[in-house]
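Here the structure is laid out as structure tokens; the discussion comes afterwards.
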């Protein structure tokens, strides 16, 4: 939890116990109650495009609000972890969003499959 009065938890989309890192691209805001229900279960694939859209939007805000050095450090995590080209991280518009989502899917779908093969339960779907 971010703080005593935070309205959300900061959760790992792919469980931390599988990836063992806190890279920004794998973090999502989550309702604390939903986060507790999900636990270490793998998310359903339908959530990947929603997470990608959230990150695409967040990167747009951060690009405008952060100084170059902190943003570059953040962008490095996306470039290395998701194999996303820097130009795509700084691009805007529907085509860029679609390409960004595709890059997320190309990395996260195999990670979710691998985690499932290693015994992680799922897919978790909020009802």
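What follows draws every value from the coordinates through simple rules; no lab data is involved. Note that the structure is a prediction, hence the values are computed from the model and not measured. Positions of Cβ are backbone-derived with ideal geometry, glycine not excepted, and every protein chain shown enters the neighbour counts.
Observations
- FRET efficiency for the pair residue 127 and residue 10, taken as 1/(1 + (r/R0)^6) with r the Cβ-Cβ distance and R0 = 22 Å, rounds to 0.45.
- Its relative contact order, with pairs defined as Cα atoms under 8 Å and 6+ residues apart, puts the chain at 31 percent.
- Neighbour counts of other Cβ atoms within 10 Å put 101, 33 in the fewest-to-most order 33, 101.
- Among 65, 105, the ranking by other beta carbons within 10 Å of each residue's beta carbon, starting with the fewest, stands as 65, 105.
- Segment residue 37-residue 96, extension gain: residue separation times 0.36 nm, minus the distance between their alpha carbons: 17.9 nm
- Legend: ranking of residues 69, 63 from fewest to most surrounding C-beta atoms inside 10 Å; resulting order 69, 63.
- The range 52-114, relative contact order [Cα under 8 Å, separation at least 6], %: 38 percent
- Start at zero, step by 10 Å, and the Cα-Cα distances of the chain spread as 12, 43, 34, 11, 0 percent across the bins.
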